[in-house]
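The values are calculated or read from the model by the stated rules, or taken from the named source; none is laboratory data. Note that the coordinates shown come from a computational prediction; the quantities given were computed from them, not determined experimentally. Cβ placement follows ideal geometry from the backbone for every residue including glycine, while neighbour counts extend to all protein chains displayed. Just so you know, the surface numbers come from the protein's heavy atoms only, side chains and all, with ligands and any DNA or RNA stripped out. Shrake-Rupley method; radii C 1.70, N 1.55, O 1.52, S 1.80 Å.
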Amino acid sequence: MTSTDAPAAIAPAPPVLAEVVRSGFTEGHHRGSLVLLAADGSVERTLGDPDAPVFPRSSNKPMQAAAILRAGLELSGERLALAAASHSGEPFHLELVAKMLAEHGLSAADLRTPPDLPLDPVAAEAYLAAGNVRERITMNCSGKHAAMLAVCVRNGWDTASYLDPAHPLQLLVGQVVAEAAGEPVAAVGTDGCGAPLMAIGLTGLARAFRSFVLAEPGSAERRVADAMRAHPEYVAGTRRPDTWLMTEVPGTLSKMGAEAVQAVALANGRALAFKIDDGSVRALGPVLARALELLGVDAPVVSRIGRAPLLGGAVEVGEIRATF
């Protein structure tokens, strides 16, 4: 560098969204970005940089499910909810995925999900105790993949390449994501399940969820939102915050994603999206609960979601708590 060269600008660190407090001592922080939308869709509050592109991970699943409907697959009820799911791998999840595949002449061997154990720890222990091993169908995205394969069968599209970003279905997914977010897809990557993954900003993600809740009845977007809200246990599982929130706050659409991404839209059009920068899901509950409070949600489930105790010798000695 010469004497006339200006030093490169250093981006500021994201703000602290949650702190880790053990025995009265703050031993760590979780940084990230967040956006809250008012009922009219305007930006009400931001922390960090919610317009910077992120990979929403499984928070993109409602848009993927809407693309499957737009492509012509007839899904409703629990099947449509499962198409937008990161399911826990409980028996009722796996049974319905197998049925969805069989209904279209498919089997678990057609899935391109990586073999995995149930996402829910209780379900995983029971699964292993029964002598089972990692399978493609057990992976939490298998419902989405079953629906993707089914629409390929319906349209005569190649099933072997259904995860190729250039596949007709994945091109349609990209269009739906951009339309719902109100912004172009900034990058395309590969999700943990192997499906193409579209990057958008957190503000766009919140707009997308809001648009699904407020969409015209009968539209693909509204059908997805209605199915997820009517059958939240198929979207997540019996021991998951998304299920609790959609069950106990009527009209709410909620979907978390890996690397600590969360998006929520309320029935009145208010919405939120955030990402914990380090990807730690342990901070997700406290941050989500505080964001819901700021959106005006007053329900016992908020405290349940926000509780994140720290243990020492099997005794509660601290907590993870939101800082905003």
Item to complete: Rank these by accessible area, largest first, 1.4 Å probe: THR323, THR203, THR190.
Response: THR190, THR323, THR203
Worksheet item: With springs only between Cα atoms under 10 Å, which of HIS104, HIS93, HIS30 fluctuates most in a Gaussian network model of the chain?
Response: HIS104
Worksheet entry | Unmatched cysteines, the chain - criterion: no other Cβ of a Cys under 4.7 angstrom | CYS152
Discussion item. What is the distance in Å between the Cα centroid of the range 235-273 and that of the range 8-57?
Written reply: 18 Å
Fill in: the range 207-298 - percent of accessible surface contributed by carbon and sulfur, probe 1.4 Å
49 percent
Worksheet entry | Two-site FRET efficiency, ASN132 against TRP157, from Cβ-Cβ distance with R₀ of 45 Å, rounded to 0.05 | 0.90
Discussion item. Need one number: nm distance between label points at VAL317 and GLU95, each 7 Å from Cα along Cα→Cβ, rounded to one decimal.
Written reply: 4.4 nm
Item to complete: For n ≥ 4 DSSP H runs only, could you compute -39500 (n - 2.57) per run for the chain, divide by its residues and tell me the 222 nm figure to the nearest 500?
Response: -11000 deg cm²/dmol
Discussion item. Sort 113-119, 61-67, 305-311, 215-221 by packing, meaning the average of other beta carbons within 10 Å per residue, with the highest value first.
Written reply: 61-67, 113-119, 305-311, 215-221
Discussion item. If a paramagnetic tag sat 7 Å from the Cα of GLU74 along the Cα-Cβ line, which residues of the range 224-248 would have the backbone N under 19 Å from that point?
Written reply: 224, 227
Item to complete: Specify the residue with the greatest mean-square fluctuation among VAL173, VAL122, VAL264, computed from a Gaussian network of the chain linking alpha-carbon atoms under 10 Å apart.
Response: VAL122
Worksheet entry | Share of Cα-Cα pairs in the range 146-299 lying beyond 26 Å, as whole percent | 28 percent
Worksheet, complete the sentence: Residue-normalised value, i.e. accessible area per residue, for the chain at 1.4 Å probe, in Å², stands at 42 Å²
Practice prompt. Under a 10 Å cutoff between Cα atoms, tell me which one of ALA271, ALA85, ALA123 has the largest fluctuation in the Gaussian network model of the chain.
Written response: ALA123
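Tell me, what does the Kirkwood hydrodynamic radius of the range 25-67 come to in angstroms if you use every pair of distinct C-alpha atoms?
Roughly 13.1 Å, rounded to one decimal.
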Worksheet item: What span do the alpha-carbon atoms of the range 112-206 cover on each of the three principal axes, reported in whole Å from largest to smallest?
Response: 47, 35, 18
Fill in: Rounded if a/c under 1.5, otherwise prolate or oblate - the range 201-279, Cα gyration tensor axes
oblate
